[in-house]
Each structure stands twice: as C-alpha cells, then as structure tokens.
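For reference, the structure discussed in these notes is given below.
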Amino acid sequence: MLVRRKGVLLRPGKKITGMINITLPDGSIRHYEAPVTGLDIARSISEGLARNVLAAKVNGVVWDATRVISSDASVKLLTWDDEEGKATMWHSSAHLMAEAVEALYPGAKFGIGPDIENGFYYDIDLGDRVISSDDFEKIEQKMLDLAREKHPYYRREIPKADAISHFATKGDEYKLELLEELQDGEITFYESGHFTDLCRGPHLPDTSPIKAVKILSVAGAYWRGDEKRKMLTRLYGITFPKQKELTDYLTLLEEAKKRDHRKLGRELDLFIFSQQVGQGLPLWLPKGAQLRERLEQFLKKLQRQAGYLPVITPHIGNVDLYKTSGHFAKYGADSFRPILTPQEGEAFMLKPMNCPHHCEIYRSRYHSYKDLPLRYAEFGTVYRYEQSGELHGLTRVRGFTQDDAHIFCTPDQVKDEFKNVMDIILYIFKALKFQDFETQISLRDKNDHEKYIGSDENWDKAERAIIEAVEEKGLKSVIAHGEAAFYGPKLDFMVRDAIGRKWQLGTIQVDYNLPERFELEYIGSDNLQHRPVMIHRAPFGSMERFVAVLIEHCAGNFPLWLTPEQVIILPISEKYHEYAEKVLKLLNNSEIRAQIDYRSEKAGRKIRDAELRKIPFMLVVGEKEAESGTVSVRKHGEGDLGAMTPEKFAGVVSDEIAVLLDV
C-alpha cells in the first residue's frame, strides 16, 4: 500500500532510496519513491483507475503494469479504451487459451500466439488430434474457469541455457527453434497459472479482466509461413471485459458476413476467381469492370485538373532495374521468379512496384527547377507472390493495379503538394461517403536519426510540412514517432467503414531514397545540381482492395453515379416491350445506364430480383404507363415513388448524381 506524505507517495516501513519524476500525458509531473510500477501510479490517482489499468506505456514502449520503473519516465496508463490496452489483453488471452488447450489436450506444443487487430491466435501442434468447432465451447469454458482464478502474469528474465533446458525437457521443438534466434540476455518467460511461455510481453497484471471469451475459428497454418514445414492448427479467439461487448461484436461479425465482398462479388456479378487461371488472380466480369473503369475515370479527371501527366509502363522490367531501386532485395522472396530469356545473363521480373519505371521516365530528360513539380500518374498493375494461405478475396491478391502517381518537386514544394493530394483524397472520401476517418503522421524516431537517409534539414522541413498541411486542413490526426520509413515521412488515411472496421486507405509518402539511388537531378535557381524530393501517392491504394472495402462499406449499394446498373425497366408483359425499349432509348441518350428485364416472370418477382441485385431504380411499365407516356418509379430500399414521365425521371437521376458529386 502507498501513503502520501507532503505530496509524495511512500511505501510504509521503507526508507526513501530515491525519488523519480513521472510525467503523465497531460504534462503534469508526479514524484514517487523508486522503484514504482504503473499499477502503483494508477492507485495513487484512484482505485477505480487501478482496477481498469491493463498496461503502461513507459517512454513510448508498452510495459506490464506491474513492471518496475526505476528512473524518471513519461508514463501513459493504458485501459481497454486504448488500442495498446486491447492488444495487451488479447496477447494475455492467447496465453490463457494456450493454458486451456494444454489442460484439455496434454502434450500439445505451441508455436507463436500474438494479438492481432481483433483478438488473437495461437499456432498449435496437437499431434494426431483435431480441434473442430464442436470443441470451441469447452475451450471457452476452460478459459473462463482459469480467468476467474485471477492468476498473475509473472515476467522472468532467464538465461538462454535455462530456457533451452526448459523447452527441451518439455519436448517443444517450436520454442527451441525460436530460442536459436535470440541472444542471451534478451530472453524472458511469462508464467500464469500452470502455463509458462517464451514471450517478450507485455501482459495484464492478472487474468481477472478477461470476462467474456469466444473462440472464433480454426484453420491450418504452416509453421513460420513455410509451405515446406509442418501444418499446425491455428486457433483464433477474442475476449472482452464485458459480456455485452462480446455480444455486440458477434452481431457485428454477422453483419460483416452479409457484407463480405467475396459473397457480394459473386451475387452482383462483379468478379470471380478461377483455379485454372491461378490463385490470387481476379477475373473482372463486365459489371465489375464497368465499376472499376468508372472509378479510374473519376480519379483520372481529378488528376487532369490537378496537373498530373499520364504515363504507361510495361508489366515487366529488367532485374537490374529493381536491384538499383532496392525492390529486388525487399520483395525478392515475395516476387515471382525472374523470367529468363534466350540471351545469356538476361533476366526480367514481373514488376513489384511502378516507381522505378517512373524514376527512369524522369531521368530521361533534363530538368530545371522551373519544370517542377512534375506529376506522373499511372494505373499500373504489379505482382507479388503472396503465400496461398495469405490470399483473401480482393484484399490480398497476387496481381493488383495501383492508382500510382509520383511527384518530383523541390523541398519547398512538399507542403503544397501534400495539400493538393489531400484535396483529392478528401474529395474521393466524400463522394463515396467515407465520413469517419483520421490521419496518421509517421515521423522519425526522435532519438535515432542515423537509420534514415537524407539530411536532417530536409527531414525537418518535410515533417513540418506534413504536420502543417494536416492542421491547415483541420483533420484529426495522430503522430507516430519512429513509424516513418527509412527513406521519408508519410501520411496515412485510416477510415472506419459503415460497421466500424478500420481500413488504411490513401497514402502520401516522401521519398529521399529513390532519387539518390537513381541519381535524379534538377538544376536549381543557383545553377547547381540538386536532388528532387519524390512523393509517392495512391488515393485508392490498389483498385482491388479499394473495391473490396467499398463493397463492404456500402454493402453493395454503390453510389448512384458509380453503380454498374442504375435503372432496370420492368415491363409487366411482352406486350409492353416496345414501350420499354422507347424508355430505354431515352434514358441511354441521357447517359443513364439502364436495361430491360425481358423475362416472362410476374412483376412482383422482377421487383424482388432487382432489389436483390441492388439496382437503385426500377421502372414498371404496363398499359397505364404506355398510354400516359409515364413510368412507375420504385427506389431500392424505399419503395414506390409514384408515376412520372421518362424525361422527368431522367432529370431526377441527373440531379441526384450532381448532388452526390458536388461535395
């Protein structure tokens, strides 16, 4: 227990061995007897906070709330409301699940068990035993029983020899393999209940915050992602501090299943995959191709207005190009094998990125500072060899098209170029109703500038430019120190979709590396040679992933201006086909995408089918409409809008599109 004496917290019965200063997120400084823990600090503020603290962020690094702090530090106490707090609980829950599995399946061996975006998993070798969905309930119950015992999580630093001895005795070859890659002095065990694991942490003070448990799924996973290694059982789960939160999450999962882009892609005839063509290589059907083409034209128009110049580059490039750019080393293991030609020593690669090609385009001409900024844009298809187990619909594929552009500018132009790109991204978000988003500004590590390429002066200028651009646009943002790539700071747009899931859409990245590698230059106003700054930007990211996110965001109910089918005309019998065709011609002349349902089905069936296809407008035509020169209008999800002339209806559609795009 801690007591306060003249504003200082003391442990009764102990002498003060030294005072340390703890700086809290609000800037206030509190003084404590050393050593102190995050949990001690929480208790000194309130018992309620102490009950809710899951971990502590000490000098920017997440620690156990029970780990001692012995010197001055900046401390943030983490609860369930913090992303790092959730991650800590889910990491601890992975250990709890492993303890439950070990109790239920003696002799099980364990690979890795990290927290993930929503929950956690553990890779397990069960020998010849199998876990199925029928076993989930008993694992959940065992986890809850163990959690109620409030077992503490103990962190213990351990010599490498002792760690090897422990897992050798246990017969766990997976942990022994992991230990081979660790140095003596950096190895820690965590113990809770009857389970001991090789782990860096951090973890909860004890298991008591884990109140609601759900095993979500089971899958196969090759050990360490290597298809030549043993297939382990990957068990996914999630936990919450309250049952209601789990119930709400499961409701969200059911809604997500309805919105799954793979399901809707088939139902709406947008895209398919074929084993004959190859895994991870989508085939765009006519409606999907039309939707994608419309997105491309939408962005191309914005780019023309913003001064971008279109370029086209080949799907392959000489291996030496990617060695110069560094992409061969970066993506070599994840690329398709080089393509050898009859020419000895000549090899090509399916391009993993477009930027090296754009650098060569820039380098092909002499440039003055008066020519800058230069903005090259391309919808370029690139290829990565993703492992089969990592492929997922359109969000993880082996061939994808990036809405890539590269801006070559002077250091003084970086801020304005960022703002111009931000304007494009914000317009896209508004037109597609992505209304809930924030930005993440990724900057250098404050304490280590050695690992970054480029001068401190340029980095300072670029970082300041990004921060000011975001502030001037009035955007919500978080700053992530140490998250910048070695070649430059960047800005990411993090979007929440209609059911609250977070997606990274839209990136703007400063690059000091490629101009150096390709020796790009311009002549400055001082008549000397200078390196341009290169800015990568991709508002969509990739067309495949963006379409997947868009499908799930709007549940297939695309904005009227974008949807492949805007109108379907439903004649109630063959007798009215001629009038339907007259209406169709008028709509097509008004650039409205319409078609006729010629089937002999009843009108009610046609309407139901059109609703399932999520077509925005249905025009029913029969005797009354043919005689009066009108159409009976129905709107998807809203029902009957009454009768009107085809001309008036065309105006309604045009007006609605104008409103949607005038954002």
*What whole number of Å gives the distance from the Cα centroid of the range 349-410 to the Cα centroid of the range 306-347?*
11
*List, in order, the whole-Hz ³J(HN,Hα) value for each residue of the range 183-188 obtained from phi through the Karplus relation with A = 6.51, B = -1.76, C = 1.60 and θ = phi - 60°; use x for Gly and Pro.*
8, 4, x, 10, 9, 10
*Please arrange 521, 47, 552 by accessible surface area, largest first, computed with a 1.4 Å probe and ligands excluded.*
47, 521, 552
*Against the longest principal axis of the chain, how steep is helix 646-661, in degrees 0 to 90 to the nearest 10, with axes from Cα atoms?*
30
*If the cut-off is a Cα-Cα distance under 22 Å, which lysines reach residue 602, setting aside same-chain residues fewer than 8 apart in sequence?*
575, 582, 614, 624, 635
*Using a simple spin-label model with points 7 Å from Cα along the Cα→Cβ vector, what separation in nm is obtained for residue 173 and residue 312?*
5.4
*Set Lys and Arg Cβ to +1 and Asp and Glu Cβ to -1, take the dipole of the chain about its Cα centre, and tell me which of 163, 205, 653 lies farthest positive.*
205
*Rounded to the nearest 0.05, what FRET efficiency is calculated for residue 471 and residue 427 with R0 set to 22 Å and r the Cβ-Cβ distance?*
0.70
*Using a 1.4 angstrom probe on heavy atoms only, work out the carbon and sulfur share of the accessible area of the chain in %.*
49
*Using heavy-atom solvent-accessible surface (probe 1.4 Å) with all chains present, what is the largest-first order of 644, 618?*
644, 618
*Around residue 204, which amide H atoms from residues at least 5 apart in sequence, or from another chain, sit under 5 Å from its own amide H, with H modelled in the peptide plane?*
92
*Please work out how much length the chain gains when fully extended from residue 662 to residue 456, using 0.36 nm per residue of separation minus the C-alpha to C-alpha distance, in nm with one decimal.*
70.0 nm
_Cβ-derived FRET efficiency at R0 51 Å, residue 29 paired with residue 104, nearest 0.05_ = 0.55
*What are the principal axis extents of the Cα atoms in the range 364-405, in Å, biggest first?*
49, 16, 12
*Can you give me the relative contact order of the range 182-340 as a percent, contacts being Cα pairs under 8 Å and 6 or more apart?*
10
*Taking a spot 7 Å from the Cα of residue 365 along the direction of its beta carbon, which residues of the range 298-318 have an amide N less than 11 Å from it?*
309-310
*Using a 1.4 Å probe, how large is the accessible area of residue 81, given in Å² and rounded to the nearest 10?*
130
*asked:* Give the lysines whose C-alpha is closer than 18 Å to that of residue 351, dropping any in the same chain fewer than 8 places away, or say none.
replied: 323, 330
*Taking the Cα centre of the chain as origin, sum charge times position over the Cβ atoms of Lys and Arg (+1) and Asp and Glu (-1), and report the length of that vector in debye to the nearest 20.*
1040
*the range 75-175 - Debye-derived log10 I(q)/I(0), Cα point model, q = 0.13, 0.22 Å⁻¹*: -0.57, -1.34
*Between the DSSP loop rule and a limit of at most 16 other Cβ atoms within 10 Å, which GluC sites (Glu not before Pro) in the range 578-646 are left?*
591, 601, 638
*the range 437-487: which trypsin sites (Lys or Arg not before Pro) are DSSP loop and have at most 16 other beta-carbon atoms within 10 angstrom?*
446, 451, 473, 476
*In the range 475-523, which chymotrypsin sites (Phe, Trp or Tyr not before Pro) fall in coil by DSSP and have 15 or fewer other Cβ atoms within 10 Å?*
486
_Read-out log10 I(q)/I(0) by the Debye sum over Cα atoms at q = 0.08, 0.11 Å⁻¹, derived from the coordinates shown; its label in (i) -0.66, -1.16; (ii) -0.78, -1.12; (iii) -0.81, -1.31_ = (iii)
*For the residue pair residue 336 and residue 623, what label-to-label distance in nm results when each label sits 7 Å from Cα along the Cα-to-beta-carbon direction?*
6.1
*J(HN,Hα) series, the range 513-530, from Karplus relation 6.51 cos²θ - 1.76 cosθ + 1.60, nearest Hz, glycine and proline x*: 7, 5, x, 6, 4, 9, 6, 7, 9, 8, 8, x, 5, 8, 6, 9, 7, 9
*If one computes the Cα centroid of the range 493-556 and of the range 260-290, what distance in Å separates the two points?*
26
*List the relative contact order of the range 48-162 as a percent without decimals, with contacts defined as Cα pairs under 8 Å and 6+ residues apart.*
18
*Any idea how far apart residue 416 and residue 483 come out in nm if each label point goes 7 Å out from Cα toward Cβ?*
2.9
*Under-5 Å amide H pairs with residue 316, H placed in peptide plane, nonlocal only*: 351
*Among residues other than residue 82 whose Cβ falls under 11 Å from its Cβ, what is the net charge (Lys/Arg +1, Asp/Glu -1)?*
0
*Please give the solvent-accessible surface of residue 90 in Å², to the nearest 10, using a probe radius of 1.4 Å with every protein chain present.*
10
*Rounded to the nearest 0.05, what FRET efficiency do residue 274 and residue 595 have when you use their Cβ-Cβ distance and R0 = 35 Å?*
0.85
*Can you give the convex hull volume per residue for the Cα atoms of the range 344-449, as a whole number of Å³?*
232
*Top positive-direction residue, dipole computed over the range 359-459 with Cβ charges, set 435, 455, 411*: 435
*Could you give the accessible area per residue of the chain, probe 1.4 Å, as a whole number in Å²?*
49
*In percent, how large is the relative contact order of the range 103-165, given Cα pairs closer than 8 Å and 6 or more residues apart?*
21
*Starting at the first residue of the range 475-485, write each ³J(HN,Hα) from the Karplus equation 6.51 cos²θ - 1.76 cosθ + 1.60 with θ = phi - 60°, in whole Hz, x for Gly and Pro.*
8, 5, 8, 10, 9, 10, 6, x, 9, 5, 5
*Just name one of 643, 520, 592: the one whose Cα is farthest towards the positive end of the charge dipole of the range 505-663 (beta-carbon charges, Lys/Arg +1, Asp/Glu -1).*
643
*Whole Å is fine, so just give me how far the alpha carbon centre of the range 75-92 lies from that of the range 134-187.*
21
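The values are calculated or read from the model by the stated rules, or taken from the named source; none is laboratory data. What you see is a predicted model, and the numbers here were worked out from it, not measured in a lab. Note that each Cβ is placed from the backbone with ideal geometry, even for glycine, and that neighbours are counted across all protein chains shown. Accessible surface areas use protein heavy atoms only, side chains included; no ligands, DNA or RNA. Shrake-Rupley method; radii C 1.70, N 1.55, O 1.52, S 1.80 Å.
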